[in-house]
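Below is one structure, written out as structure tokens, with a few remarks after it.
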Amino acid sequence: MQITDPTDSRRTSPSASPSTGPADGRSAARAATRPVWDAFIRLFHWLLVAAVTIGAVTGLVLGPTWLKLHLLAGTTAAALVLARIIWGYLGGRFARFEGFVEGPLKTLRHIAELRDNRAPRHVGHNPAGGWMILFLIAAILLLAVTGTIALGGIFKTGPLGYAISYDLGDRVNGLHNWLAWGLLGLIAFHVAGAIFESLRTRENLPLAMITGRKRVGRGDILPPARSAHPRRAALIMLGTAAAAALIGITLAGRAVPRLPVARLDPTYASECGDCHVPYNPSLMSSDRWRLLMNSLENHFGEDASLDDATRRQLTEWITAHAAETVDTKPAHVLAQADPANPISLTATPFWKKAHAAIPDSVFARKPIFARSNCTACHGDAETGMFYPANIKIPEETTK
């Protein structure tokens, strides 16, 4: 319930202030305003602007190599929003949700009054702005949840790294991207609303979010000075903590996902590593590995023949740890082979798409030398994980 505060308006109205000279203009202007946005609200607002900006740029523009910064920005945004929710019950009169979140009918009435140019001025958030804040909070929390699920399913890391399948993580990642664009749309509406309200009320709202002060005139609407629900915050925080504990206990009992073999067979590493990178067996299916092992006499233009006993030994080990035995992104995305060259990883559609922007000259230079030299740029290539944050294209060397 929002109320007018004629006492405050009389005390702070510019019309009630005595005339001042130029030397006292700044003091008079400050006397005509009152503190509205506390330090937490202002710090939260601008830190969230920075976090969302970094998250959007790293996630939608810069690509997977910026994943670490993207995760930091997303985690920061989620933490800020959670803190804002708590402050929405424990904070001052202008910060509490009950002071600016109205029901749908009152909000629609306020929008109609705005359309007819007869809406009163709210010193804090108006009803439309209140719902926009709720939508922004919900969007950021949903982004945090979907991002965590995608991170766990696709890259097997994060708090859900041992509980989410790749298929689920991949599907949720699509939703995560749609939510990101939706958040940008909400932000555009939010900015447009701030500009509209600044023009309507002749007050610089972005500046007020820096100084924390706004003017209060006669007839302006202020939120209640005291909370009508002092115990609600404690109940919400207890409920949130209980839900988090329940989810944590549930996830703790989930099975560890199928990960690539952590240690390569010594014979395999020796025989294959003498000529090229010993690829983790999880990068190809068992059928493609068998095809490769049965054609070693013509191995990419070279004779890599092995004695029958060694070939059988390596074939058994490789197929026992092939792509169908794991649940990683590389095992899934590299599954679609080129029919003309099924045993070449660099011929797969995914590999070509992922490396399309890299010039041929980069692959030819030292110390990379060839497209097949995955370890030159991927620090964890031999593990079969290929985590994007571990990508670093080396500079050309003279050695």
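What follows is calculated from the coordinates using simple rules that are stated; it is not laboratory data. Every value quoted in this text rests on a predicted model; they were computed, and no experiment measured them. In this analysis, Cβ positions are derived from the backbone assuming ideal geometry, glycine residues included, and neighbour counts consider all displayed protein chains.
Between the helical axis of 166-201 and the dominant principal axis of the chain, each derived from Cα atoms, what acute angle in degrees is found, rounded to the nearest 10?
Result, in degrees: 30.
Between His299 and residues 5 or more places away or on another chain, which pairs have amide H atoms under 5 Å apart, with H built 1.01 Å from N, and which residues are they?
The list, which skips near neighbours in sequence, is Ala304.
What's the FRET efficiency of Val277 with Val57 using the Cβ-Cβ distance as r and R₀ = 35 Å, to the nearest 0.05?
With R0 = 35 Å, the Cβ-Cβ based efficiency is 0.60.
Name the longest site-free stretch of the chain, where the excluded sites are GluC sites (Glu not before Pro) in a DSSP loop with no more than 11 other beta-carbon atoms within 10 Å.
Counting only loop sites that pass the neighbour cut-off, the longest clear stretch is 1-394.
Rounded to two decimal places and with Rh computed the Kirkwood way over Cα pairs, what is Rg over Rh for segment 140-197?
Expressed as Rg/Rh, it is 1.20.
Mind pulling the angle between the C-alpha long axis of helix 67-90 and the longest principal axis of the chain? Nearest 10 degrees, somewhere in 0 to 90.
Between helix and principal axis, roughly 30 degrees.
Return the distance in nm (one decimal) between the two label points of a simple spin-label model at Leu235 and Ile210, each offset 7 Å from Cα along Cα→Cβ.
4.2
Please report Ile149, Ile85 as a ranked list, fewest other C-beta atoms within 10 angstrom at the top and most at the bottom.
Ile85, Ile149
On a 0 to 90 degree scale, rounded to 10, what angle separates helix 308-320 from the longest Cα axis of the chain?
So the helix axis and the longest Cα principal axis differ by about 20 degrees.
Can you give the FRET efficiency to the nearest 0.05 for Leu69 and Glu113, using r as the Cβ-Cβ distance and R₀ = 45 Å?
Given R0 = 45 Å and the Cβ-Cβ separation, E is 0.55.
Lys and Arg at +1, Asp and Glu at -1: add these up for the other residues within a Cβ distance under 15 Å of Asp167 and post the number.
That works out to +1.
Could you go through segment 43-56 in sequence order and give the Karplus-derived ³J(HN,Hα) for each residue, using 6.51 cos²θ - 1.76 cosθ + 1.60 with θ = phi - 60°, rounded to whole Hz, and x for Gly and Pro?
5, 4, 4, 6, 5, 5, 4, 5, 5, 5, 4, 5, x, 5
Could you bin all the Cα-Cα distances of the chain into 20 Å bins starting at 0 and give me the percent of pairs in each, rounded to whole numbers?
21, 39, 24, 14, 2, 0
Please return the longest range in the chain lying between exposed loop sites, taking chymotrypsin sites (Phe, Trp or Tyr not before Pro), DSSP loop only, at most 13 other beta-carbon atoms within 10 Å, and leaving the sites out.
For chymotrypsin sites (Phe, Trp or Tyr not before Pro) (loop position, at most 13 other Cβ atoms within 10 Å), the longest site-free span of the chain is 1-299.
So what's the back-of-envelope 222 nm ellipticity for the chain, counting only DSSP H runs of four-plus at -39500 (n - 2.57) apiece and dividing by all residues, rounded to 500?
Theoretical 222 nm ellipticity from helices: -16500 deg cm²/dmol.
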